[in-house]
1. Just the residues that are under 17 Å from F78 (Cβ atoms) and outside any strand (DSSP E or B), please, taken from region 16-38.
2. Go through region 57-108 residue by residue and tally those that are of a type in the set (V, I, T) and within 12 Å of the ligand (Cβ to nearest atom).
3. Give me a count of the residues in region 71-92 that are among the polar types (S, T, N, Q) and within 13 Å of V49 (Cα to Cα).
4. Hey, could you check region 54-78 for residues that are under 10 Å from the mean Cα position of the chain (by Cα) and closer than 14 Å to A34 by Cβ and say which is surrounded by the fewest Cβ atoms within 10 Å (Cβ to Cβ)?
5. Which pairs turn up if I take residues in region 70-98 that are free of Cβ contacts under 8 Å to residues at least 60 places away in the same chain and look for partners that are part of a loop (DSSP other than H, G, I, E, B) and basic (K, R) with beta carbon separation below 7 Å, at least 6 apart in sequence or on another chain?
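Nothing in this text is a laboratory measurement; each read-out follows from the coordinates by a stated rule. Given the structure is predicted, the values throughout are model-derived calculations rather than measurements. Ideal geometry is used to build each Cβ from the backbone, glycine not excepted, and the neighbour counts take in all protein chains shown.
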Amino acid sequence: MSNELSLTSGRANVMVYDDVNKKWVPAGTTNGFAKVHIYHHVVNNTYRVVGRKLQDQEVVINCAILKGLKYNQATPTFHQWRDNKRVYGLSFSSVDDANSFANTMLRAIDNL
Ligand SMILES: CC(=O)N[C@@H](Cc1ccccc1Cl)C(=O)N1CCC[C@]12C=C[C@@H]1CC[C@@H](C(=O)N3CC[C@@H]4C=C[C@H]5CC[C@H](C(=O)O)N5C(=O)[C@H]43)N1C2=O
């Protein structure tokens, strides 16, 4: 990630929605908090969300932020969005982390 800048990072439990069973499941192998970044590849002007578990650095999310992404702040600490394959949910450890992440996410989307 040397050519990518971390614009923000927050602590969140990363989930994906299980459409079959209609419930949220942990994005990685186990539940638990991750450090979730928004990286900006300055040269390409692309952005992505990358999250690694605090405990063992497992990458639990690595998804592009595409033009027109609808970022839904369902609650002050639970934010979500879709891509063509799945629905992601971030359950933040604090409102401050959630706000900071959301502000950066919305700016990134605006900048695409
Ligand atoms: C039209 C659409 O896709 N709508 C999405 C939300 C959304 C809106 C706009 C842009 C993007 C998105 Cl992802 C939507 O409603 N989704 C996506 C899959 C699951 C869900 C569809 C139905 C359910 C109804 C309740 C809500 C939901 O899942 N919530 C609301 C916030 C709450 C917060 C935390 C998570 C953690 C565990 C808890 C639970 O599932 O028990 N939970 C929830 O219940 C979350 N739901 C959703 O978020």
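1. K22, A27, N31, G32
2. Looking only at region 57-108, we keep the residues that are of a type in the set (V, I, T), and these are 59-61, 65, 75, 77, 87, 95, 104.
Adding the requirement that they be within 12 Å of the ligand (Cβ to nearest atom) leaves 75, 77, 87.
Residues meeting the conditions: 3.
3. Our first condition is that a residue be among the polar types (S, T, N, Q); within region 71-92, this holds for 72-73, 75, 77, 80, 84, 91.
Restricting the remaining residues to those that are within 13 Å of V49 (Cα to Cα) gives 80.
Summing the residues that are among the polar types (S, T, N, Q) and within 13 Å of V49 (Cα to Cα) in region 71-92 gives 1.
4. Checking each candidate, the answer is N62.
5. Every condition considered, the pairs that remain are W81/K70.
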